[in-house]
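The block underneath contains the structure these notes are about, expressed in structure tokens.
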Amino acid sequence: MTDQIGEKILEKIKEDHIKPKPRWEFLLKNYVTWAIFVIAILIGSQATGVMIFMINHTEWEDYIQQEGFLQQILINLPFFWLIFLIIFIAVAFYNIKHTKKGYQHSPLIIVLLSIIISLAIGTIVYATGGGEKLEDIFYRRVGFYQQIMRHGGRMFIDQEKGRIAGVIIEVNPNSVIVEDFQGNIWEIVTSTEKFIPGQRIHIFGKFLSNQQFEAYIIKPLFRPFRPPKDPCLDSQICPLPPAPLPPMPIPEMP
């Protein structure tokens with residue numbers, strides 16, 4: 001019976017001209033699968049670094065003091081990066097399961113190991129300032145992500161209560177021009193020239209006129225990873241420079 005089965009298999013192989021795959025094809029597939037696993041973990045780690053930065057450097061107290069603060073906190077949590085991480089952990093899981101001995105490992109162990117590695121590398125990414133830089137790059141260059149962040153910023157704006165969130169579009173010696181996340185343009189009086197176009201900020205103050213806003217406090221949307229040398233950029237508005245003293249009178253000669 002066994003001989004008959006063997007003969008049928010050999011006949012099938014001859015009829016279909018089936019040839020064994022060379023060893024290098026299996027090795028190449030295994031190497032590519034492992035390479036995709038490593039790349040997926042590295043990309044997931046970048047997302048982890050951004051999440052750590054956003055959670056640690058968001059001024060959560062600014063949201064807690066408002067009405068409907070829970071909704072605002074939920075909107076401003078880094079769900080985009082969490083989904084990004086989950087996608088690439090799923091890619092890593094799929095690829096390691098398709099390696100030569102991947103089937104021998106528990107799916108739970110693979111997922112936990114992927115998360116631990118992503119957290120470890122993500123912490124390094126955050127500690128070197130990579131999380132802050134990557135988040136800023138995504139905001140400036142990825143339109144979909146920018147729209148997500150602007151939506152969260154619009155929830156913060158309340159002119160009657162003296163709150164504006166937006167982006168600096170122009171820096172002048174005694175003021176900055178800000179476009180809020182609702183598209184309104186504001187002139188904010190401040191003495192600092194250390195603000196930069198493209199910087200996202202929260203402003204607390206008083207509405208004056210159609211395009212003017214008196215700021216009491218200006219804060220970056222995220223606290224800088226490395227505190228700036230100028231403390232005015234970190235937590236409060238820079239005061240205007242004092243007016244020059246009047247010239248001393250010259251005594252008349254007798």
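Show me the helices (runs of 4 or more DSSP H) found entirely inside segment 1-80 where at least 2 residues are at pLDDT 85 or above and surrounded by 10 or more Cβ atoms within 10 Å (Cβ to Cβ). Write out each step before concluding.
Numbers: elements: 2-16, 23-57, 60-64, 69-76.
Qualifying helices (runs of 4 or more DSSP H): 23-57.
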Inset, instruction - Considering (1) crowded, with 17+ Cβ neighbours inside 10 Å; (2) outside the structural domain of residue 41 (by TED's automatic domain parsing); (3) free of Cβ contacts under 8 Å to residues at least 24 places away in the same chain, say which one residue 110 fails and leave the rest. - result: (2)
Legend entry - Tally of residues being at pLDDT 85 or above and not in a strand (DSSP E or B) across segment 197-219: 3
Legend entry - Filtered residue count, segment 196-225, keeping only those that are basic (Lys, Arg) and over 16 Å from the mean Cα position of the chain (by Cα): 2
Inset, instruction - Please go through segment 175-194 and pick out each residue that is within 20 Å of residue 146 (Cα to Cα) and in a loop (DSSP other than H, G, I, E, B). - result: 181, 182, 183, 184
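The values are calculated or read from the model by the stated rules, or taken from the named source; none is laboratory data. The structure presented is a predicted model; accordingly, all values stated were derived computationally and were not measured. Virtual Cβ from ideal backbone geometry, glycine too; neighbours counted across all protein chains shown.
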